[in-house]
Amino acid sequence: MKCRLFQIWINWRLDDGRPLPDAALRHLASCPRCSVALRNHQVAETALRQSPAPPNPPPSPWLTGRIMSEVQKEEPVRHPPFVVRALPAMAALIVITLFVLFRHLPTQGPGGPPSQSASAPEPLRIEWLEATARLTDGPGAWLGSTNVNDPLQQELELVLGDARSALSSLKKEFIPSQLLAVNDPTDIE
């Protein structure tokens with residue numbers, strides 16, 4: 001049993017390329033079986049080192065074909081949908097259109113009558129109105145000559161009036177009286 005352990009230990013040390021310790025050398029000097037095993041190991045190692053390396057077999061044709069098909073395979077190019085690609089152009093078109101339309105409209109100062117835009121002289125305004133009348137073909141020509149600010153202001157005042165009446169109604173019928181006891185600096189009425 002002891003010899004078998006020494007043989008495993010000797011083979012392990014020699015396979016790693018390390019020298020044998022003194023205890024293994026003393027055992028080899030006294031044990032003929034382990035000495036024969038050491039000589040057999042050294043002969044086998046020498047034969048393996050001197051023999052030529054076996055040639056590497058070529059890879060299988062299926063493996064070569066599979067690798068080449070993977071290399072040559074192109075990934076499909078994925079383009080985003082047309083709407084996503086066209087969004088920047090549509091946004092730019094909207095901005096330019098709004099700029100052109102609102103640049104030529106008369107502006108109204110706070111509490112005063114509409115004033116002419118400083119960047120658009122009168123002849124340009126007339127040309128713009130004529131071009132608008134031609135493009136809209138008659139009945140739509142009112143768009144260029146109508147002041148958009150007046151109807152919009154009237155609509156906003158109507159909405160504000162409706163909101164005030166709704167809040168006063170809520171204040172009278174729905175809000176608890178203890179909440180109304182707090183002094184609110186913004187009186188609804």
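The values are calculated or read from the model by the stated rules, or taken from the named source; none is laboratory data. Just so you know, these numbers come straight off a predicted model, no measurement behind them. Cβ atoms come from the backbone with ideal geometry, glycine included; neighbour counts cover every protein chain shown.
Results for (1) closer than 28 Å to Q153 by Cβ; (2) modelled with pLDDT under 75; (3) β-branched (V, I, T), shown as yes or no for each residue.
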{"residue": "M68", "(1), (2), (3)": "no, no, no"}
{"residue": "V71", "(1), (2), (3)": "no, no, yes"}
{"residue": "P80", "(1), (2), (3)": "no, no, no"}
{"residue": "R85", "(1), (2), (3)": "no, no, no"}
{"residue": "I94", "(1), (2), (3)": "yes, no, yes"}
{"residue": "F99", "(1), (2), (3)": "yes, no, no"}
{"residue": "R103", "(1), (2), (3)": "yes, no, no"}
{"residue": "P113", "(1), (2), (3)": "yes, yes, no"}
{"residue": "Q116", "(1), (2), (3)": "yes, yes, no"}
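Could you pull out the residue among L28, L14, L38 that is more than 30 Å from D150 (Cβ to Cβ), part of a helix (DSSP H, G or I), touching a Ser or Thr at 6+ places or on another chain (Cβ under 7 Å) and not assigned by TED's automatic domain parsing to the domain that holds Q153? Show your work before the answer.
On the way: L14 fails: touching a Ser or Thr at 6+ places or on another chain (Cβ under 7 Å); L38 fails: touching a Ser or Thr at 6+ places or on another chain (Cβ under 7 Å).
Result: L28 is the single residue among L28, L14, L38 that is more than 30 Å from D150 (Cβ to Cβ), part of a helix (DSSP H, G or I), touching a Ser or Thr at 6+ places or on another chain (Cβ under 7 Å) and not assigned by TED's automatic domain parsing to the domain that holds Q153.
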- prompt: Going by the conditions given, is R49 among the charged types (D, E, K, R), loosely packed, with under 11 Cβ neighbours inside 10 Å and part of a loop (DSSP other than H, G, I, E, B)?
  reply: no
